[in-house]
1. Angle check, please: helix 497-514 long axis (alpha carbons) against the longest principal axis of the chain (alpha carbons), in degrees 0 to 90, nearest 10.
2. Quick one: net charge around Q294, please, counting Lys, Arg +1 and Asp, Glu -1 for every other residue with C-beta under 14 Å from its C-beta.
3. With n ≥ 4 as the cut-off for DSSP H runs, can you work out [θ] at 222 nm for the chain, using -39500 (n - 2.57) per run divided by the number of residues, rounded to the nearest 500?
4. Output the Cα-based Rg and Dmax of the stretch 338-473 in Å, rounding Rg to one decimal and Dmax to a whole number.
5. Of the accessible area of the stretch 408-498, with the probe set at 1.4 angstrom, what percent is carbon plus sulfur?
6. Which is farthest toward the positive dipole end of the chain among A201, G416, A117, measuring Cα position about the Cα centre, with Cβ charges +1 (Lys, Arg) and -1 (Asp, Glu)?
7. Mind giving me the FRET efficiency for K551 and D157? R0 is 45 Å, r the Cβ-Cβ distance, nearest 0.05 is fine.
8. Would you pull out the residues with amide H under 5 Å of N309's amide H, same chain only if 5 or more places away, H placed 1.01 Å from N?
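The values are calculated or read from the model by the stated rules, or taken from the named source; none is laboratory data. Just so we're clear, the structure is a prediction, and the values are computed from it rather than from any experiment. Cβ placement follows ideal geometry from the backbone for every residue including glycine, while neighbour counts extend to all protein chains displayed. These area figures cover heavy atoms from the full protein model, side chains too; ligands, DNA and RNA do not enter into them. Shrake-Rupley method; radii C 1.70, N 1.55, O 1.52, S 1.80 Å.
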Amino acid sequence: MRDVTRYVTHDVTRDVSTAAPHRRSFLKYTGALGAAAAISSSLSACSSGPESTNDTGGGTGGANSTLTAVIGYGNDGSWDPTQTASAFSMAANNHIYEGLLDTDPISREPYPALATAVPRDLSSTSWKFTLRAGATFHDGKPVTADDVVFVFDRILDPNTQTLAKGFFASWLKEVKKVDAQNVELVLKFPFPEGISRLTLAKIMPKHVFSQPGGWDDAIKGKAIGSGPYRQTAHHPKSNTTFEAFAAYNGPRKAAFKKMNWMTIVDAAPRVAKISGSSAGAQIADNIPYANIQQLKSGGMDVQGGAGMNNLFLMFNTKHKPFDDVRVRQALHYAIDTEKMVQVALKGHGKPSSSFLNEANPSYRRAKSVYDYDPEKAKALLKEAGVSGLKIEILSVNVSWIVDCLPTIKASWDAIGVETTLNPQETTAVFTKMDQKQDYQVVSAASNPNQFGLDADLIMHYNYGPQNLWMGYARWADSAVAKQLFKDMDRATQEAVPEKKKQMIQDYIDVVAEEAVLYPVVHNELMTAWDPKKLAGIRAQPYPGINLLQAKWV
């Protein structure tokens with residue numbers, strides 16, 4: 001199964017080393033075929049020593065046991081923390097690296113990681129941090145202010161296109177070294193939401209990654225941090241292994257002596273790996289809805305996390321009649337979303353009532369909600385002067401997306417829109433986008449919650465004048481879009497929280513009405529684990545797992 005959450009906040013279709021537009025370089029550097037799709041070109045392993053891909057240490061728990069996890073996404077995307085959108089590597093990096101602050105995987109509340117405290121005044125334009133005494137990288141070298149400045153300089157460098165730039169550049173002016181153990185972050189304007197984003201700036205050793213080829217090594221899988229686990233081997237398209245870092249002196253110590261994370265993208269072997277009395281793993285993410293009861297009957301705990309994971313439709317606004325907002329709205333009204341939730345998602349989802357999911361702190365029901373209304377859809381098409389419309393839906397072949405497509409086809413066929421489904425490999429779909437090939441409608445999946453919960457981040461991830469998605473939709477030069485982007489920037493800089501929230505909700509109403517790139521349903525992501533062996537597991541509403549508070553039973 002493949003997901004397609006992608007980095008699109010800014011135009012990063014540039015090779016970091018050459019600054020020449022090139023899609024394959026973008027994929028190589030971000031791993032962003034989705035919160036972690038498997039990249040078509042294999043990446044060379046960083047460690048040459050073979051290590052068993054099935055070593056579970058008996059799976060019985062105890063000090064010397066190896067925890068084995070099955071991740072439903074590829075481990076061969078980028079591992080560079082400043083670049084990656086890969087679910088596997090982002091989840092792994094949360095165990096290997098630390099930010100100044102990190103966040104709880106569910107509440108996303110910040111807590112001190114490499115820094116000793118969260119700033120008291122979040123409305124200030126100066127945040128000062130003292131580094132944790134005795135913090136060392138996995139190679140034994142101390143963590144210093146120079147390492148912090150090194151990472152932030154890369155993120156803010158106008159000549160280096162990184163994914164993380166989109167999360168920091170709008171509000172963070174610079175990061176300064178005060179002395180060896182203290183740094184200061186200087187903000188362009190008060191931005192309290194930025195405090196939770198500091199977890200996205202993982203602190204990396206300057207003495208390692210500033211060397212020639214250092215960033216290329218990071219992309220390929222070299223990972224040296226200061227976190228509770230150190231990487232011991234990395235085999236792209238197979239597995240990545242870890243062991244507890246004995247010198248770690250931070251707040252969330254390793255509970256497992258060793259971990260082996262296997263990448264199994266296909267659903268059936270992934271489920272089989274954690275099934276039965278001879279299961280080879282204790283936990284797996286990305287569980288198909290059809291296997292939930294089977295796993296529960298076998299004694300597994302299966303829980304879901306509901307968040308921003310969604311199926312969206314994106315229209316080519318330069319291809320008539322999709323330049324007409326009435327046509328885009330009609331096609332959304334025509335979809336029987338309740339049927340989609342019940343049949344395709346087995347009840348594990350909700351029809352979208354805003355761009356944001358209902359649990360988001362900034363959620364408000366949008367003024368335009370596309371409840372199933374085929375008669376309204378027909379009326380809008382008639383009003384737009386459209387008849388005899390034939391549509392090919394170009395879709396990624398993510399399994400749950402493919403399950404949803406028949407409902408869209410049946411719904412559109414029912415209003416007289418002859419619909420053809422064309423699911424393809426993710427790489428094939430977006431190669432067509434990059435080559436600016438003509439298309440009508442794209443269906444894919446997205447989940448920006450792996451980066452955070454704040455609505456400003458989520459909306460800029462999807463909309464913006466330099467945004468990759470907006471380039472695909474060919475909408476950014478429209479008058480409505482230009483005003484929308486101005487409204488978004490004003491909301492970012494608004495200091496009064498409630499006013500900012502209202503401004504965001506107001507511009508989301510515009511996004512809903514325009515329906516250029518808009519979610520059809522939000523769905524749950526399922527995680528399964530053996531409760532007889534593991535405790536402290538919480539299902540995430542975004543891909544991957546977090547074991548920093550887990551332990552053997």
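1. 50 degrees
2. +3
3. So the helix-based figure for the chain works out to -8000 deg cm²/dmol.
4. Rg and Dmax of the stretch 338-473, Cα atoms, are 16.2, 43 Å.
5. 53 percent
6. Farthest towards the positive end: A117.
7. Efficiency at R0 = 45 Å is approximately 0.65.
8. N523
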